[in-house]
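Novice: Shown below is the structure under consideration.
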């Protein structure tokens, strides 16, 4: 199967070479690096380091989506992310995604030079987000999540988590198509850790090859997630780095085409080695 992602009218071929998305949290409260890159200068410097290490995409976020996180006012989110996006657009041609649930933030970010909307609500949280998507040619990341970041981990329940995520993706693609949004613009994110127990996450991991609904590429965001600590029985976030690299290799072998990670260099190396072994 061939995989392409259309961003601003340009098709990116992901069939043989997957993409690594580097995380740049411009927040005071993200679960693993909150506050470290809240300053614009430090955020830009960090992002350019990720580019030098091989990042294909820079994912800029100004609102934490960790479990239990409080919402951020739109004005504050704009204040955090726009200077970073503008500065990066003047420094690099690397793809930039805006990690936001707010339509106005997404539109402003695209106007500042971003290329992709990465919305953890699957373009459902803000009723105007679908309009922004339809009126632009941005790439789109449609993620699965139940509830909100504040509530998503309060006893999430599914009859069949795999079947429900598959059905959700099919429904979102149908709605987007009805609005004239080409499916080629969409990649799908099963939302590991977003309204899922450890058992749900493992079930989705095992079923990853089946989640490429309608042939759309799958993005995996599992970097430093708590499921790693639960499996390894450790509370140290630093202990999650090499397991993340292992999961990058494993999920690429299972068919994921994009991984969203904090540490870029080792994950790029893991993806390229896996692709070489796969003969892709």
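Novice: Do we find that residue 254 is farther than 24 Å from residue 22 by Cα, touching a helix residue (DSSP H, G or I) at 6+ places or on another chain (Cβ under 9 Å), surrounded by fewer than 22 Cβ atoms within 10 Å (Cβ to Cβ) and in contact (Cβ under 8 Å) with a residue 24 or more places away in the chain in this structure?
Specialist: No, not satisfied.
Novice: Right, something else. Could you list, in sequence order, the residues of the range 115-125 that are part of a loop (DSSP other than H, G, I, E, B), on the phi < 0 side of the Ramachandran plot and in contact with a strand residue (DSSP E or B) (Cβ under 8 Å, 6 or more places away or on another chain)?
Specialist: Filtering the range 115-125 for residues part of a loop (DSSP other than H, G, I, E, B) gives 115, 120-125.
Those left that are additionally on the phi < 0 side of the Ramachandran plot: 115, 120-121, 124-125.
Selection gives 115, 120, 121, 125.
Novice: OK, next. Can you name every residue in the range 190-219 that is at positive phi and under 16 Å from the mean Cα position of the chain (by Cα)? Show your work before the answer.
Specialist: Here is the first cut: in the range 190-219, the ones at positive phi are 191, 193, 195, 214-215.
Hits for the range 190-219 are 191, 193, 195.
Novice: Further, regarding this structure: Identify, from the list 162, 142, the residue that is at negative phi, touching a helix residue (DSSP H, G or I) at 6+ places or on another chain (Cβ under 8 Å), assigned to a helix (DSSP H, G or I) and at pLDDT 95 or above.
Specialist: Numbers: 142 fails: assigned to a helix (DSSP H, G or I).
So the residue among 162, 142 that is at negative phi, touching a helix residue (DSSP H, G or I) at 6+ places or on another chain (Cβ under 8 Å), assigned to a helix (DSSP H, G or I) and at pLDDT 95 or above is 162.
Novice: From the list 84, 26, pick out the single residue that is modelled with pLDDT of 95 or more and surrounded by 20 or more Cβ atoms within 10 Å (Cβ to Cβ). First the steps, then the outcome.
Specialist: Details: 26 fails: modelled with pLDDT of 95 or more.
None of the others qualify; the one that does is 84.
Novice: Separate question: Tell me whether the range 76-89 contains one or more residues that are part of a strand (DSSP E or B) and either more than 25 Å from residue 5 (Cα to Cα) or under 14 Å from the mean Cα position of the chain (by Cα) (or both).
Specialist: Restricting attention to the range 76-89, the residues satisfying the condition of being part of a strand (DSSP E or B) are none.
No - not one qualifying residue is present in the range 76-89.
Novice: Taking into account only those residues within the range 170-182 that are out of contact with any strand residue (DSSP E or B) (no Cβ under 9 Å at 6 or more places or on another chain) and in a helix (DSSP H, G or I), which is surrounded by the fewest Cβ atoms within 10 Å (Cβ to Cβ)? Spell out the reasoning first.
Specialist: Pass one, the range 170-182, residues out of contact with any strand residue (DSSP E or B) (no Cβ under 9 Å at 6 or more places or on another chain): 170-171, 174-175, 177-180.
Add one more test, that the residue is in a helix (DSSP H, G or I), and what stays is 170-171, 174-175, 177-178.
Numbers: 170: 12, 171: 12, 174: 11, 175: 15, 177: 13, 178: 9.
Looking at residues that are out of contact with any strand residue (DSSP E or B) (no Cβ under 9 Å at 6 or more places or on another chain) and in a helix (DSSP H, G or I), I get 178.
Novice: Any idea how many residues of the range 194-215 are surrounded by 16 or more Cβ atoms within 10 Å (Cβ to Cβ) and touching a residue at least 60 places away in the same chain (Cβ under 8 Å)?
Specialist: 2
Novice: Could you grab me the full set of residues in the range 102-114 that are buried (at least 23 other Cβ atoms within 10 Å of the Cβ) and assigned to a loop (DSSP other than H, G, I, E, B)?
Specialist: 102, 114
Novice: State the number of residues belonging to the range 253-271 that are more than 24 Å from residue 48 (Cα to Cα) and under 15 Å from the mean Cα position of the chain (by Cα). Full working, then the answer.
Specialist: In the first step, residues of the range 253-271 are kept if they are more than 24 Å from residue 48 (Cα to Cα); the result is 253-256.
Those still in the list that are under 15 Å from the mean Cα position of the chain (by Cα) too: 256.
Qualifying residue count, the range 253-271: 1.
Novice: Sticking with this one: Is there a residue being in contact with a helix residue (DSSP H, G or I) (Cβ under 6 Å, 6 or more places away or on another chain), surrounded by fewer than 16 Cβ atoms within 10 Å (Cβ to Cβ) and touching a residue at least 24 places away in the same chain (Cβ under 8 Å) anywhere in the range 231-246?
Specialist: Scanning the range 231-246, I find no residue that is in contact with a helix residue (DSSP H, G or I) (Cβ under 6 Å, 6 or more places away or on another chain), surrounded by fewer than 16 Cβ atoms within 10 Å (Cβ to Cβ) and touching a residue at least 24 places away in the same chain (Cβ under 8 Å), so the answer is no.
Novice: A further question follows. Any idea which of 76, 91 is free of Cβ contacts under 8 Å to residues at least 60 places away in the same chain, surrounded by fewer than 20 Cβ atoms within 10 Å (Cβ to Cβ), in contact with a helix residue (DSSP H, G or I) (Cβ under 7 Å, 6 or more places away or on another chain) and more than 28 Å from residue 169 (Cα to Cα)?
Specialist: Working: 76 fails: in contact with a helix residue (DSSP H, G or I) (Cβ under 7 Å, 6 or more places away or on another chain).
It is 91.
The values are calculated or read from the model by the stated rules, or taken from the named source; none is laboratory data. Being a predicted model, the structure only gives us computed values, none of them experimental. Reconstructed Cβ throughout: ideal geometry from the backbone, glycine too, with neighbour counts over all protein chains shown.
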